[in-house]
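Here the structure is laid out as structure tokens; the discussion comes afterwards.
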Amino acid sequence: MFKPIFALAASALALASACAYGAPAQGPILIKFAHVVADNTPKGQGALLFKKLVEERLGGKVIVEVYPNSTLFGDANELEALIKNEVQLLAPSLAKFENYTNKLQVFDLPFLFDDLDAVNRFQKRAKGRQLLRSMEDHNIVGLAYWHNGMKQLSATKALQSPADANGLKFRIQPSTVLDAQFKQLGATPIVMPFAEVFDALKDGTVQGAENPWSNIHSKQLHTVQPYITETNHGVLDYMLVSNSRFWYTIPHLIRTELEGIIDTVTYEVNRQAEAANQADRERIAAASGTQVIVLSEEQRDAWRKAMQPVWQQYEGAIGADVIKAAQTVNRNQRD
Ligand code: LMR
């Protein structure tokens, strides 16, 4: 005899929760997708393709609004906004999750991955996929990894050897691994939101930065950085994330369709990211006023030796098992 009351209470709860998390009883589900880069980048293109495919396949049931260039939320507040369900999709760089998990710090370790293909292999393996679930205690669910590319070092002076970075200020993403990496060089790292980087380089608040070619070109950072050293010393990739409670409140059939769309978009973003970065590299190399410095193997080894001690500092926090799993994806494994 209590059953109907329980059933009523349960459906009232489900309805309340669905309404609170963006799946109203009637009307379309609104997904706000905010990010900090330009449209003409791998992530920017991915966000737009997601919107397009949702319109085609789920028109009327789901509406996607894309906010690029930190126009809705920026680095300082986007993850808190996601947790509060003020935005439903983000794709922050893997360097920006440190407040929620230490495991993803593995992606910031310098010279861990030989190239983007190695990063890709790691992300597809069990250890890499487990990391998508590493923030569920914080109500953050990882839906996919999206590539951008390998990072290069830019500065107001030519960085040939690690000693050249000594004494310079570098803008970094909010990652203690990246902080340690620049301190290894005798440089001063300064955490700063992406939206402020161009002005900070221009006015001399910092003299250098690390970015993939696509971020350098789309934000015209090379116009205020006369030297870019092709170090490929680390990776800047993303995790597409949602608010777990929002995500799992979406009706099953719609969520399945959304997950299929995410698979398609992920495939496209990851297939095109390397080529997009190489095209931007060529544009930058052709631009007057910027010199791209190509390192010899010996020179690159010197950067590796200078930065690699960071691995040991973070092995405890990240887990030796995760680092080992990441190392084994390189074609020429190094210890
Ligand atoms: C950065 O802050 O440099 C990057 O994480 C920006 C981005 O989203 O690519």
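Read-outs: derived from the displayed coordinates by stated rules, not from any lab. Because the structure is a prediction, the values reported are computed rather than measured. Quick reminder, even Gly has a Cβ in these numbers, built from the backbone with ideal geometry, and neighbours come from all protein chains shown.
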(message) Full-extension gain between K305 and R331, please, as 0.36 nm times their residue separation minus the C-alpha to C-alpha distance.
(response) 7.4 nm
(request) Search the structure for amide H atoms under 5 Å from the amide H of I172, placed 1.01 Å from N in the peptide plane, and list their residues when 5 or more places away or on another chain. (result) I190, V191, M192
(request) List the aspartates and glutamates whose Cα lies under 20 Å from the Cα of K124, skipping any in the same chain that are fewer than 8 positions away. (result) D108, D114, D115, E136, D237, E259, D263, E268, E274, D321
(message) Give me the percent relative contact order of the chain, please, defined on Cα pairs under 8 angstrom at least 6 residues apart.
(response) 25
(message) Under a Cβ-only charge scheme (Lys and Arg +1, Asp and Glu -1), can you give me the dipole magnitude of region 14-327 about the Cα centre, in debye to the nearest 20?
(response) 320
(request) Quickly work out the Y267-to-R57 label distance, labels modelled 7 Å from Cα along the C-beta direction, and quote it in nm with one decimal. (result) 1.0
(request) Relative to the longest principal axis of the C-alpha atoms of the chain, give the angle of the C-alpha long axis of helix 3-20, reported between 0 and 90° and rounded to the nearest 10°. (result) 40
(message) Exceeding 31 Å between C-alpha atoms, which entries from my cross-link table qualify? They are K51/K324; K61/K103; K61/K84; K103/K305.
(response) K51/K324; K61/K103
(request) Send over the semi-axes of the chain's equivalent ellipsoid, whole angstrom and largest first, taken as the square roots of 5 times the C-alpha gyration tensor eigenvalues. (result) 38, 21, 18
(request) Amide H neighbours of Q291 under 5 Å, at least 5 residues apart or on other chains, H built in the peptide plane: list them. (result) Y227, I228
(request) Would you mind checking which residues have amide H under 5 Å from I31's amide H? H placed 1.01 Å from N; only 5 or more apart, or other chain. (result) I63, V64, E65
(request) Counting helices only, and only those DSSP H runs with n ≥ 4, report the 222 nm mean residue ellipticity of the chain as the sum of -39,500 (n - 2.57) divided by its residues, in deg cm²/dmol to the nearest 500. (result) -13000 deg cm²/dmol
